[in-house]
Amino acid sequence: MLNPILSFSATRRMRSGKTLVILGAWLAVMLGTALLMMGRLLGPEVTVNGLRSGTNCYIVLMIVQFFLIVLISPAMTSGTVAGERERQTLELLLVTNTRSLRIVWGKAMDSFGMLCLLLVCGAPVMFLPAVAGAVTPLQVLEGELFLLVTAFAAVCVGMLASAVARTSMAGGILAYLFVFGIAVVTSLPLFLDYPQAVTDIVYDPRALAQLSPGAATAMIFPVLFLNPGYGLIALLHGQTRFLSSALQYQQTGRLLCSFNLMDRAGGERIALISSGAVLLLGLALLFLSAAFVRRRGFGGKRKG
């Protein structure tokens, strides 16, 4: 049976004029970015520089969509449960047979469905570099799936903030604080020193060449896999090798060590592991959100 919370929320969202405005703005940003980046590909001849422009276009489109998802998702979800609590309608839902997890799931899937609609509508623009031969259609699909996982996790972060907060405004503030906190904590390993045993291998070209992908993956700090930004960089590097030229003149450094391990392990392999970790994190946050739904809100007491 269809979740009644999801059915009601989705129907109300699709009847709203804001949905068309958001969709139009999303497509305008995507198409405008693609036209700016692919100017050389639109000429009468296909050149190496033109193909490079197509590759850069794909990278920029992926990064733009990633940041739009991270920015939009908290705003879409932070007021869902908090708004019900603020309007004093949450208690009416809780006295019915609708469980907390079902409420959270329905509202989360409503926002996630909207993000899926945006990604699907923007997919034709993403395939423009593939049509020009800059990337393959399979690579575009891999990128879209990664963005879907990121969107789900971002929605779950917003749901947790909404379940904890007492008002919609507090939920929005908490959501962005949660996003910022997760980004900072999961990025810290990039600025930490690796053990001597790791650097002895990474900075030795011969030893690094003999390192297996599985061993390189095991050397990466596990917390990094929870960072969608790290997974995105790994995916794009695995598909386009865009980091090679940027760091080819570096000899040592923490970022170079992380890059060499990523490169040896395989960017797409790292992105797959990161997607799984981020998906599990999102599910954990969703269950945690359900536990907070029956509380009075941030700073309140637990209901008896």
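Kindly indicate the residue of the stretch 137-147 that is touching a Phe, Trp or Tyr at 6+ places or on another chain (Cβ under 9 Å) and surrounded by 18 or more Cβ atoms within 10 Å (Cβ to Cβ) and also farthest from Leu117 (Cα to Cα) among those meeting that condition.
Taking the candidates together, the pick is Gln139.
Can you pull out every residue in the stretch 111-139 that is closer than 13 Å to Ala151 by Cβ and either modelled with pLDDT of 90 or more or not polar (S, T, N, Q) (or both)?
Within the stretch 111-139, Phe112, Gly113, Met114, Leu115, Cys116, Leu117, Leu118, Leu119, Val120, Gly122 qualify.
Against the definition (closer than 16 Å to Leu285 by Cα and out of contact with any Phe, Trp or Tyr (no Cβ under 7 Å at 6 or more places or on another chain)), how does Phe191 come out, yes or no? So that I can check it myself, show each step before the final result.
Numbers: closer than 16 Å to Leu285 by Cα: no; out of contact with any Phe, Trp or Tyr (no Cβ under 7 Å at 6 or more places or on another chain): yes.
Answer is no for this residue.
Run down Ala151, Ala134 and say which single residue is surrounded by 15 or more Cβ atoms within 10 Å (Cβ to Cβ) and not in a helix (DSSP H, G or I).
That would be Ala134, the only listed residue that is surrounded by 15 or more Cβ atoms within 10 Å (Cβ to Cβ) and not in a helix (DSSP H, G or I).
Among the helices (runs of 4 or more DSSP H) lying completely within the stretch 242-299, list those that include at least 1 residues that are more than 20 Å from Thr150 (Cα to Cα), at pLDDT below 85 and basic (Lys, Arg). Spell out how you get there, then give the answer.
Working: elements: 244-247, 254-265, 267-293.
Correct list: 254-265.
Of the numbered conditions (1) in a helix (DSSP H, G or I); (2) buried (at least 16 other Cβ atoms within 10 Å of the Cβ); (3) out of contact with any Leu (no Cβ under 6 Å at 6 or more places or on another chain), Tyr194 satisfies every one except a single condition; which is it?
It is condition (1) that Tyr194 fails.
The values are calculated or read from the model by the stated rules, or taken from the named source; none is laboratory data. Because the structure is predicted, anything quoted here is derived from the model rather than measured. Heads up, the Cβs are rebuilt from the backbone with ideal geometry, glycines too, and the neighbour counts pull from every protein chain shown.
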